[in-house]
Structure formats: structure tokens, C-alpha cells
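Since every read-out is calculated from the coordinates, none of them should be taken as a lab result. Quick caveat: nothing in here was measured; it's all calculated off a predicted structure. Cβ placement follows ideal geometry from the backbone for every residue including glycine, while neighbour counts extend to all protein chains displayed.
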Amino acid sequence: MTALAATALSATRFERNTATRENPLIKWSIVGISLAFFILFVLMPLFAVFGEALRRGFGPYFAAIIAPDALAALKLTLTTAVIAVPLNLVFGVAAAWLIAKFDFRGKQLLVTLIDLPFSVSPVIVGLMFVLLFGANGWFGHWLAAHNVKIIFALPGMLLATIFVTFPFIARELIPLMQAQGREEEEAAVVLGANGWQVFWHVTLPNIKWGVVYGVILANARAMGEFGAVSVVSGKLRGQTTTLPLQVEILYNEYNFAAAFAVASLLALLALVTLAVKTWIEHRADAAYDTSELGMEAPAALEATAPRTAPISTK
Amino acid sequence: MSLPLSATAPRSSARRVLPGFRLTLGYTLVYLSLIVLIPTAAVFLRTMELSFGQFIDVISAPRLVASYRLSFGASLLAAAINAVFGLLLAWSLVRYSFPGKKLVDALVDLPFALPTAVAGISLATLYAKNGWLGRIFEGALGIKIAYTPLGVLVALVFIGLPFVVRTLQPILEDLDSELEEAAASLGANRWQTFRHVVLPVLTPALLTGFALAFARAVGEYGSVIFIAGNIPRVSEITPLMIITRLEQFDYTGATALAVVMLVFSFVMLLAINALQSWTARRTGRTL
């Protein structure tokens, strides 16, 4: 038994089974090719960001990060995310409640429409809002007459960001709440709880990790969005540039060290996002494994948090 | 009112038990319409200003046709490359133990998480003539990658990898080893087992991953424009052409192009939905 447990740590269940095991030469060729591809296409671009950022040492690196334009861009990036993510969180919870707890006609269509923003090119997202609110857009004249600026200003950038991050949280919560069913909430209602009490005390504890998961993914996209925001921003330095736009401006001015210094902040954000995501998935796996050992495995536990869900495919 | 939880209650009884149907339905529809549906409709309505003939003229300008060829061609090729190497990577992650596996597994999602502009300048710098990889490819092998269509391909491979790996991984994990045991006991070698037993189960998921990577690649902008060089008729992608039209205040041109891309996206969305339900039927698992 102990020997078996020891091998379990080093070999996968497929490697312990003669029927699903490849000879070492084949195994290491496959692993080698995979890792070479992974290093070339994933690790090298990541290392290059930090390598280029620190090429001239830490002094110029920090100088580039605390430059006034970079700080203004950081502030705008945080502002956009702080507004866009909570709005999509409220929507995500409402949509998931609607889809998971009720039956109605056109539900499948609604789910497809919620996914729609994933399949629209970011550039087209920007174009949409220019067509609505730009100088020649539908509401352009009215906005100009009332001195309201949406395009080339914060509201336009917010709209573009909300559009591209629209499905993230809903997409995590819908399958999660569907898997958990309706019985617990129905019991709470029968026992006399009102809607908010049911949500706070019954639903939310069950979905909190899904909420965290969706929020960090939406946040990463909100802070990193480039194409859509670039179309509606007008790129006024220090005013309508977010961090990704600041990266582009610096790069196009051949100020590579500063561009990569700012880019390294965004790369760090990506790494932190992946770390939190991986941690939540391991939590879910651990919860699932314990349930397998013990009593009957509740379906809801398996769905406590999503496993290896791509950020923008579903 | 009948007892809502009784077995004979109609399906809509849940609507009566749990509160919030009208609130969440109303909120979802209003928010969806304001943020997604009305802006999307604006693109189609704006194109209505053109007659069909004019529309065709606008979207078939030679420079645009060259951009379609590059965008769709490079995206297809990138998705195919990702299907092959993504399968190998997913296979390695599920089937084998090797040092650093957990780190690799976590970092597969990097192309999703890394802002596209960051990926763009990083790839452009890596593959430029004096970059870490450019020195090898351009200096030693004589293959110019940055500022050519090959550069576009490299960026699209980067952006598409997680789609294939993350679509295949759960399917591979759920794969029952009994099938392979049966094949082995009937005398099949590993390659025959893979070719005739494993691959048919994986095919729908592999195609789904391919389609997802392809659809994403066609619309991709940030990671491509820095490495592409954007030479007219050579390395201009279609999303860039929309930007160019907008910068010239040619709203109709930009919108017509956007309609072409949106229609493509919707077709891909339908295809992906169909592929996903095929995967679910083939493996008994919902994606």
C-alpha cells in the first residue's frame, strides 16, 4: 500500500497502467516537444517583458513606472476596472439567478446572447460605440449640443470595457448555480426567508468562490483591454490613456525600456491573476477529492469552483 | 395555491416559490440590450445606408481582400499548429508526470491573462532582427519573422494555444482507461489504440478547440499589430483595416468591414455551439 502511495506521487494513473502507458522514449519525446513549444511561445514572451524592462537596471525601471503619465494611466486603468467589474458582477449574479432558478422560454437564446461579446473583435466593440456616440454617430449631435463627451473620454472607455468583460462573471456563475439546483433556496423560502435573506445566507456561501474566480478574470481583462479601448480613447496623454495604451504610446516613441517597464506591471497583474485562479481550482479539486473518499459525492461540491476553465472561451 | 413542492405541481411552480423572476429578467434584458444588443445592432443598421452593390464594392477593395487572405489564412494555420502542439501539451499534462508540470499547467493560460499589447511588444522585440529569437531565426537561419506575415502567424499561435489545451484537458482526464485496456488485450499496439480508440473520442473536442482558436485569431488585434509591421497588401490584418478606415473618418467603410467580420463571428459561434454539443454527446460531458 505504501509503495503504491509513493508511486502515486510521481506517476499519473495512466503511467501505472500497462494498457495506457507509453514506453519512456515516446513519453519523453512527447513531453520534450510539448515543453519546447511551450517555452518558445509562452515562457519566452513572458521573460522578454521583464528582461527588456530591467535591461538598464532598476533605477530607470522605477523612474519609468513613477513617471506622471504612467501614474495617470495606472489611475485611469484602476478607475475603469473599479467601475466596470462591479457592474458586470451585479449583472452576472442577476443573470445566473434568472437562468439557474427559473424555467422560461428563450433561455437558451439568452445564454447564447450573453456569450456574444466573446466572439466580437475588440476593434469592432470600439467601432460600435463610435457609431452610437461619436461626432457623426446616432446621438452625436445631441451629445455635442448638451456638451456631453462619451467618445475620447472616460464614459466611452468604460462602455468598451464593460462590453468586453460582459460575459466573464455570468459565465462562471450560470453553470455553478445550475449544478447546485433549487432545493436549498426553496427550503429557505418555505421556512419564511425573504429573497435577500435567501441570497445572502443560502446562495452566496455556495457561489462565493465562483464569484471570486469570475471577478479576477473580468478584472484582468478590464485592466488589460487594448483594442476596444484604443478605438474610443483618442489617446490623450495623461488623460485618456490606460496602461495598455501607455505601453503602445511609449513603444511607438521608441522608448522601449519605459514601454516594457509599464508592460511589466501588466504582466505582473497577469501572473497574480493566474496564481489566484490556480489556487481556487486546487481548492475545488481538494474539496472534490475529500467528497470522493467520504460519503456520497454531492454534485454541487464538484461545482464549488470551476476547473480549468479558459478565460474567454466559454 | 397548491403546495409548491408537491410532485404534481407544474414546472413553473419554482417561479412561485423563489422570488426575483421579474426583477432579474427585467434587469438582465435591459442591461444586455444597452451594453450588447443595441451597439451590435448599430453596426448592422449603419450598413443599411449602403445599397447591396455599394456594400460589395466597399468590401472587395484589393487592399481589403489581401487583408482577408492574411487574416483568415494565418488564423487557420495558427489554429492547425495549435491543434497539433496543443494536443501534445494537453496529453503530456494529463498522462505524464514531469518536473515543472504544475507550473506549466498554470501558465498555459498566460496568453489569456497577459494583455494583448504586452504580448504584442514582447513578441515584436523577441523576433526583431536583434531580439533573442530574431538573432537565431533571421541571423543564423535567414528567416525573417518580425514585420512579415510569419510574424502575424507567430502572434496568432501565441494567442490560440490555451483554447486547444483547455478544451482537450478535461476530456482527456475523463477518458476511461478500460477502453484502452480492452484494445490492448485484443492485441492492438499503442499507436493503433490511439488512432482507433482514443482519437475518435477526442475529435469533437479537438475541432472545438481548433474553432475557438481560429475565431479568436481572426478578430485579434493587440498582439498582432506590433509584430506585423502593417505593410499594405502584405502584412495588414482585417481588424487593422477597420482602424485605418476609422482614422480616415470613413465610417461606412469601417462599418461594412465590421459587418463582414461580425457575420463570420456569428457563423463561428453557431459552429462552435454545434461542436460543443457533439463533444457532449460523444463523451457524456458538458463543456
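A few points about this structure:
- Residue count for region A:106-142, restricted to those that are of a type outside the set (D, E, K, R), in a helix (DSSP H, G or I), more than 8 Å from chain B (Cβ to nearest Cβ) and within 22 Å of residue B:28 (Cα to Cα): 4
- Count - residues of region A:248-267 that are of a type outside the set (D, E, K, R), closer than 14 Å to residue A:70 by Cβ and either more than 8 Å from chain B (Cβ to nearest Cβ) or not in a helix (DSSP H, G or I) (or both): 9
Results for (1) more than 11 Å from chain A (Cβ to nearest Cβ); (2) crowded, with 19+ Cβ neighbours inside 10 Å; (3) in contact (Cβ under 8 Å) with a residue 12 or more places away in the chain; (4) not in a loop (DSSP other than H, G, I, E, B), shown as yes or no for each residue.
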residue	(1), (2), (3), (4)
B:118	no, yes, no, yes
B:121	no, yes, yes, yes
B:125	no, yes, no, yes
B:130	yes, no, no, no
B:143	yes, no, no, no
B:147	yes, yes, yes, no
B:157	no, yes, yes, yes
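- Within region A:214-272, considering residues that are charged (D, E, K, R) and closer than 24 Å to residue A:170 by Cβ, the one nearest to the chain's Cα centre (by Cα): A:221
- Residue A:40 crowded, with 18+ Cβ neighbours inside 10 Å, in a helix (DSSP H, G or I), within 10 Å of chain B (Cβ to nearest Cβ) and not basic (Lys, Arg): no
- Contacts under 6 angstrom Cβ, first residue in region A:51-73 being in contact (Cβ under 8 Å) with a residue 24 or more places away in the chain, partner of a type in the set (D, E, K, R) and exposed (fewer than 14 other Cβ atoms within 10 Å of the Cβ), 6 or more apart: A:69/A:237
Okay, residues lined up against (1) within 15 Å of residue B:61 (Cβ to Cβ); (2) surrounded by 14 or more Cβ atoms within 10 Å (Cβ to Cβ); (3) acidic (Asp, Glu):
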site	(1), (2), (3)
B:251	no, yes, no
B:254	yes, yes, no
B:257	yes, yes, no
B:262	no, yes, no
B:267	no, no, no
B:271	no, yes, no
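- Picking from residues in region A:82-99 that are small (Gly, Ala, Ser) and surrounded by 22 or more Cβ atoms within 10 Å (Cβ to Cβ), the one that is farthest from residue A:189 (Cα to Cα) is A:84.
- 2 or more residues at the interface with chain A (Cβ under 9 Å from one of its Cβ atoms) and more than 20 Å from residue B:92 (Cα to Cα): qualifying helices (runs of 4 or more DSSP H) within region B:160-227: B:177-185, B:199-219
- Filtered residue count, region A:43-99, keeping only those that are farther than 22 Å from residue A:157 by Cα and either facing another protein chain (nearest Cβ under 8 Å) or part of a helix (DSSP H, G or I) (or both): 26
- Residues located in region A:15-31, provided they are over 30 Å from the mean Cα position of the chain (by Cα) and either surrounded by 18 or more Cβ atoms within 10 Å (Cβ to Cβ) or assigned to a helix (DSSP H, G or I) (or both): A:18, A:19, A:20, A:21, A:22, A:24, A:25, A:26, A:27, A:28, A:29, A:30
- Residues of region B:65-83 that are away from every other protein chain (no Cβ under 14 Å), within 19 Å of residue B:245 (Cα to Cα) and either part of a loop (DSSP other than H, G, I, E, B) or touching a residue at least 40 places away in the same chain (Cβ under 8 Å) (or both): B:66, B:70.
- Evaluation of residue A:103 against the conditions (1) in a helix (DSSP H, G or I); (2) at the interface with chain B (Cβ under 7 Å from one of its Cβ atoms) shows that the sole unmet condition is (1).
- The condition (being facing chain A (nearest Cβ under 10 Å) and either surrounded by fewer than 17 Cβ atoms within 10 Å (Cβ to Cβ) or of a type in the set (Phe, Trp, Tyr) (or both)) is satisfied by just one residue among B:25, B:93, B:88, B:45: B:45.
- Exactly one residue among A:212, A:148 is surrounded by fewer than 19 Cβ atoms within 10 Å (Cβ to Cβ), under 21 Å from residue A:273 (Cβ atoms) and either of a type outside the set (S, T, N, Q) or facing chain B (nearest Cβ under 8 Å) (or both), and that residue is A:212.
- With respect to the stated conditions, residue B:225 is closer than 27 Å to residue B:165 by Cα and buried (at least 22 other Cβ atoms within 10 Å of the Cβ).
- Remark: pairs (first residue in region A:219-238, facing another protein chain (nearest Cβ under 7 Å); second residue part of a helix (DSSP H, G or I) and among the polar types (S, T, N, Q); Cβ separation under 8 Å; 6+ apart in sequence or on different chains) = A:220/A:273; A:224/B:116; A:226/B:116; A:227/B:116.
- The residue list A:111, A:90 contains one member that is among the hydrophobic types (A, V, I, L, M, F, W, C) and touching a residue at least 40 places away in the same chain (Cβ under 8 Å), which is A:111.
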